[in-house]
Amino acid sequence: MVLDVFDCVAAYVRDACGEGPVCVHVDDARECQIKRHPDYAKFRSRAVAARAARKPSQLWESTVAMGRMSDMRGENKWRMIVVDCLIPFLRTRSWSISREFYCDLGDVRSDMFEAALGVWEETVKGVPPREVPALMVKAAIKAAYRRANIHENESSTSDVEGLLIFEEAAMDSALKASSIIHDTDPRDPAVVEQIRGERTGALWQMYGLIEVVNRYHEDLRAGRRPGLRGTLATETMLARTWVTGCNYYYYISDFYPKFVALPAAAEALGIAKSTAYQMVRAGSFPCLTTRMGSSIQVPTKALMNSLSIADIIVHLDDVENGAAHVGGN
């Protein structure tokens with residue numbers, strides 16, 4: 001049996017979620033205020049049922065918001081979860097289009113997948129999370145019909161031309177990716193990284209937060225926390241991880257509350273409380289929102305991004321050195 005893109009997405013999500021509980025609020029169920037969480041099979045079943053009901057769904061709002069937060073960290077787990085939960089609404093339509101227009105089923109589904117992800121990228125701002133799934137499904141179905149029309153008129157020459165265009169795009173993408181690595185600042189990045197971490201530790205020491213920081217570091221060293229995930233490792237990071245055998249890098253936002261209540265976020269952004277609720281309903285609030293029970297919460301990372309506060313990456317040794325220097329140790 002040949003796997004198509006829908007099968008690959010499903011396999012990826014199952015592997016990413018495992019058999020443990022799925023938390024749509026903070027991703028890690030151990031850190032969530034809500035204590036009961038389903039496994040992925042039950043979560044997906046609920047999401048599909050909520051989508052089939054064609055009614056506003058807090059579950060889908062939270063799922064889309066979690067996907068956006070995941071994107072901000074350079075991870076695609078929750079983006080793929082969104083797609084996987086929409087696949088039941090695309091499978092049957094892809095079969096019918098494939099049979100009716102004599103198209104390759106794999107090609108139809110690949111076009112659907114690309115179109116859905118295209119909408120995901122286009123709706124980052126200005127579109128309420130509750131509207132994103134419907135737009136993704138609509139675009140996917142349109143793409144499938146475009147594939148059908150292309151299939152009716154295509155020739156062997158167009159196949160070859162399309163393949164060449166794809167190869168050129170792939171080569172260009174690879175070149176751009178490598179240039180990001182090689183065009184960095186020629187000054188020693190290890191020194192820059194160390195200074196950044198020490199300054200952070202010094203600030204936390206001065207603000208009286210170092211005890212919280214130290215507890216977090218203890219969890220990292222004991223393996224109770226995984227360290228940095230889902231980011232491109234620099235040569236310095238790889239070297240230090242190799243020496244210690246562990247990943248002791250993390251984002252500074254890991255110490256902050258995962259979410260901020262909408263009124264508090266609005267105040268930080270200089271927006272009146274009543275206006276903030278109106279903006280959330282219209283999908284124009286300047287950063288992501290998600291529902292937790294009856295309240296509307298703003299992910300802290302999203303708020304930091306809207307306020308242009310950098311969520312920097314630091315190494316615990318550097319942070320501790322900076323704190324010790326300020327503390328006189």
Carbon + sulfur, % of accessible area of the stretch 261-329 - ligands and nucleic acids excluded, 1.4 Å: 51
For the stretch 47-126 and the stretch 250-328, distance of Cα centres in Å: 27
Placed amide H near I296: partners under 5 Å, 5+ positions off or other chain: L262
Per residue accessible area in Å² of the stretch 1-100, where ligands, DNA and RNA are left out and the probe is 1.4 Å: 54
A49-R30 pseudo-label distance in nm [points 7 Å out on the Cα-to-Cβ vector]: 3.0
Projected label distance in nm at Q278 and F255, using a 7 Å step from Cα toward the beta-carbon: 3.9
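Computed over the Cα atoms, what is the radius of gyration of the stretch 194-277 divided by 2.2 N^0.38 Å, N being its residue count?
Normalised by 2.2 N^0.38 Å, the Cα Rg of the stretch 194-277 equals 1.42.
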Average accessible area per residue (Å²) across the stretch 230-329 - probe 1.4 Å, nucleic acids and ligands excluded: 50
Rounded accessible area of H325 (nearest 10 Å², 1.4 Å probe): 150
Sequence of Y277, Y251, Y102 from largest to smallest accessible area, 1.4 Å probe: Y102, Y277, Y251
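The values are calculated or read from the model by the stated rules, or taken from the named source; none is laboratory data. Everything numeric here is computed off the predicted structure, so don't read it as measured data. Cβ atoms come from the backbone with ideal geometry, glycine included; neighbour counts cover every protein chain shown. Side chains are part of the model used for accessible areas, which takes the heavy atoms of the whole protein and leaves out ligands, DNA and RNA. Shrake-Rupley method; radii C 1.70, N 1.55, O 1.52, S 1.80 Å.
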